[in-house]
Structure formats: C-alpha cells, structure tokens
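J.: Mind having a look at this structure? Questions to follow.
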Amino acid sequence: MTAHVSLAPTTLILLRHGETEWNLSGRWQGQAADTPLTALGREQARIVARRLRSYPIDAIYSSNLLRAFETAEIVGQALGVAPIAEPALRESDIGAWTGLTWDEITVRFPAEVAAMVAGQDVRRGGGETYAELQARLAAAAEAIAARHPGQTVLLVSHGAALRSLVAHVLDASLTQLNRIAIGGNTALSVL
C-alpha cells in the first residue's frame, strides 16, 4: 500500500503592511528602516482583517520588520492566528538609499539610477539587486507553501518584496518590477 500525498494547492495571500510616516513622505524604507505604523496604518490593518475573515487562514507569516509584523499581529489577533516572524520576507536592502526620497536618490546616485532606468539590475544604494531579493522571497514562499500543503497562508511583507514574488510567479522580467501592481498599503494579492 502506498502513502497518499495531498496534491491540493496551497493558496498564498500576499498582504502589504499598513501605512507608515515614511510612506506618507515618499521615503524609501528598505530593510534598514524599522518604521512603525501610523494610526491610519493600524486602522488599515483592522479593516483588512475584517476582509480576511471570509478566508480560511491557516497560518500567518510576516517579515520581522515592525511595520509588517505590527500589521500581521493586528490581523492575526482578529483571526485568532498568531503570526510567525520570517526574516526572509523582509523588504529589499537598499543600503544608502534608506530614508531618501526618489528626488534625493536621483541627485545623489545618478549613475545607479541611470543604470536602473536602462534596465540593469543594480545594487541600489549598495544593497541587494532585485534578482537577489526575488530569490530570497521565492525561496521563502516555496518553503512556507511546502509546510502548508492545501492550506491558505497569509504572507505579510513589503512593496518591492511582494512585487518581486509576483514577478517570480508570472515569470516577468525584473526590469519591469515597478509595473507590477500590488496596490497600496494593506492591499491583498492571491496566489
């Protein structure tokens, strides 16, 4: 007699963290900035938690950065599911770009911006390339999915991180990462 293996697909629901002050001011946060949610960001998390009640969420994994984990805790409390911190779901390492606006980045790092606009996968601010970010997120998502066959899992992460994961699933070019729409703060995407 052979063992039966479940072939049911795992559903991953991607959730971008709630609003932070740096989102409002247009500052790039990356993984070096551990910014908290605003009052509106916490309210966004409560609202999305109500939306998620219609899904059978079996597990919640979150970036361990404050803005994502705080979002995951608010959602998890409403759903009765304790979030699990997963550092591999962190935002991209953007090195010296951390805390800068796009206008400041274009002035201080014109060569990196020009290379990026030309389609090169650069180490933004000396940090990660998009390919490195995507490899990290894809490996984490695949490992989490393997632990939860046939279940529905919420992944709470960040804008560029989630776009890189969606690009991986769609086999889309990383040079077009900014064209992958995952929505604003607390937007949901289902894989």
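The values are calculated or read from the model by the stated rules, or taken from the named source; none is laboratory data. Worth saying up front: this structure is predicted, and the values here are computed from it rather than measured. Reconstructed Cβ throughout: ideal geometry from the backbone, glycine too, with neighbour counts over all protein chains shown. Heads up: the accessible areas ignore ligands, DNA and RNA and are worked out on the full protein's heavy atoms, side chains in. Shrake-Rupley method; radii C 1.70, N 1.55, O 1.52, S 1.80 Å.
J.: When the range 68-87 is examined, which residues are found to be open to solvent by 30 Å² or more (accessible area, probe 1.4 Å), in contact with a strand residue (DSSP E or B) (Cβ under 8 Å, 6 or more places away or on another chain) and in a loop (DSSP other than H, G, I, E, B)?
T.: Passing the criteria: 82, 86.
J.: Okay, moving on. Quick test for you: out of 65, 133, 154, pick the one residue that is touching a helix residue (DSSP H, G or I) at 6+ places or on another chain (Cβ under 6 Å) and either open to solvent by less than 10 Å² (accessible area, probe 1.4 Å) or of a type outside the set (A, V, I, L, M, F, W, C) (or both).
T.: Answer to the selection: 133.
J.: Could you list, in sequence order, the residues of the range 108-124 that are farther than 15 Å from residue 30 by Cβ, open to solvent by less than 60 Å² (accessible area, probe 1.4 Å) and part of a loop (DSSP other than H, G, I, E, B)?
T.: 119
J.: Another question about this same structure. Provide a single number: the residues in the range 88-107 that are of a type in the set (A, V, I, L, M) and open to solvent by 20 Å² or more (accessible area, probe 1.4 Å).
T.: 3
J.: Please go through the range 161-183 and give me each residue that is open to solvent by 10 Å² or more (accessible area, probe 1.4 Å) and either modelled with pLDDT of 95 or more or assigned to a helix (DSSP H, G or I) (or both), ordered by number.
T.: Hits for the range 161-183 are 163, 166, 168, 169, 170, 174, 175, 176, 178, 179.
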